[in-house]
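The next block holds one structure in the form of structure tokens; read it before the comments.
Derivation of every value follows stated rules applied to the coordinates shown; laboratory data play no part. Values in this document were obtained by computation on a predicted structure and should not be read as measured data. Note: ideal-geometry Cβ built from the backbone for every residue, glycine included; neighbour counts use all protein chains shown.
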Ligand code: A3D
């Protein structure tokens, strides 16, 4: 069986992180693509030269030519601008939409069979645009945000309780913005419902921090946004696909009636991810408070998507 090919469009902070993680995991060969001349080639060569130390048999290459997407099994897109302090994700809409349009057309032409994972912000609108531009079936175009948001919440819960983050499960739904919804009833520690270990008030505090967690890192870094945990989260999704793991994870998926959302909007929901891409959307029961918050979050996504629709009309 030939090796899988994983292409990273955007070889910046997240792209570089993903390349290293992919080399360590040996999920397939890696092609890094960026408009910055020499940069993806340089990063690929740098990791390539460390392969004997890792050790890994992964081959890495860099390119500035979209034609090198040919033969990709997975394309992960981080091309675009990240936030600066004081910016919201939505401030990136105009400039990043232009980039996603260009990249989407290139993927359509050169990698028509690939699974596409979009990371570029504002996430829910960018993955929606990617599906429209490529025309790929929706199960093969997915957005990364929920894995990260849920992992951030799990981190805060673990730190608060003084337990290992690997034992914490958390679920964050909705759009990838300030309106994201953390679900108290879905959180657990080693199978123990979180409600037995933490009050709702404390959970709400951690949920509020989660909704602002990206901004917290932007403010600390001063240039650019989070990239290690976003890179790890995108690879978690690629791995579920490449190894047909049937992983249950939260992804920005196209909704056609699920959660009462119509019109092919993309929004963060739990899904089963395997060789068929998004194989199933799982509908979790939400209480009234969560349901209302989810609807508000969907409305925020709708606003961004109608901007995209107008631009594409
Ligand atoms: P950065 O380090 O700037 O890398 C982006 C790269 O994209 C740069 O190297 C650019 O040269 C490159 N690029 C720009 N246009 C093109 C193009 N047309 N084709 C190929 N490459 C191009 O940013 P980053 O890696 O830190 O972040 C990338 C994106 O991810 C930004 O939009 C962030 O806002 C977003 N992001 C999303 C999350 C989510 O959870 C959804 C988290 C963190 C960052």
Next item on the list: Quick one: among 175, 62, 42, which has the greatest mean-square fluctuation in a GNM of the chain with alpha-carbon springs under 10 angstrom?
Entry: 42
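To make sure I understand, if each residue's beta carbon is the centre and we count other beta carbons within 10 Å, what order do 285, 109 fall in, fewest to most? Display every interim value, and only then the final one.
On the way: 285 9, 109 13.
Fewest to most other Cβ atoms nearby, the residues stand as 285, 109.
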Check: Fewest first, what order do 244, 34, 167 take by the number of other Cβ atoms within 10 Å?
Finding: 244, 167, 34
Next item on the list: Can you put 255, 197 in order of Cβ neighbours within 10 angstrom, beginning with the fewest?
Entry: 197, 255
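Scaled to the compact-protein estimate 2.2 N^0.38 Å, what is the alpha-carbon radius of gyration of the range 5-143, rounded to two decimal places?
Against the compact-globule rule of thumb, the ratio is 1.02.
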Notebook entry, point to check: Considering the chain as a Gaussian network with a 10 Å cut-off on Cα pairs, which listed residue, 198, 18, 273, attains the greatest mean-square fluctuation?
Noted result: 198
Checklist line | Ratio Rg/Rh, restricted to the range 146-312 and using Cα atoms, in which Rh is the Kirkwood radius | finding: 0.96
Checklist line | Max mean-square fluctuation residue, GNM over the chain, Cα-Cα springs under 10 Å, options 81, 221, 232 | finding: 221
Item checked: Gyration tensor (alpha-carbon) shape descriptor, the range 209-292, a/c threshold 1.5 -> oblate
Next item on the list: Post the alpha-carbon centroid distance, the range 169-236 to the range 279-313, in whole angstrom.
Entry: 18 Å
Check: For the chain, what relative contact order do you get, as a whole percent, if you take Cα pairs closer than 8 Å and at least 6 residues apart?
Finding: 17 percent
Check: Can you give the angle from 0 to 90° between the axis of helix 123-134 and the longest principal axis of the chain, with both taken from C-alpha atoms, to the nearest 10?
Finding: 40 degrees
Next item on the list: When you have a sec, figure out the Kirkwood radius of the range 111-161 from all distinct Cα pair distances and drop it here in Å to one decimal?
Entry: 12.3 Å
Check: Can you give the angle from 0 to 90° between the axis of helix 228-242 and the longest principal axis of the chain, with both taken from C-alpha atoms, to the nearest 10?
Finding: 80 degrees
Checklist line | For the chain, the Rg and Dmax computed from alpha carbons only, in angstrom | finding: 18.7, 55
Note to self: To test your reading of the geometry: what angle, between 0 and 90 degrees and rounded to tens, separates the Cα axis of helix 288-312 from the longest principal axis of the chain?
What the structure shows: 30 degrees
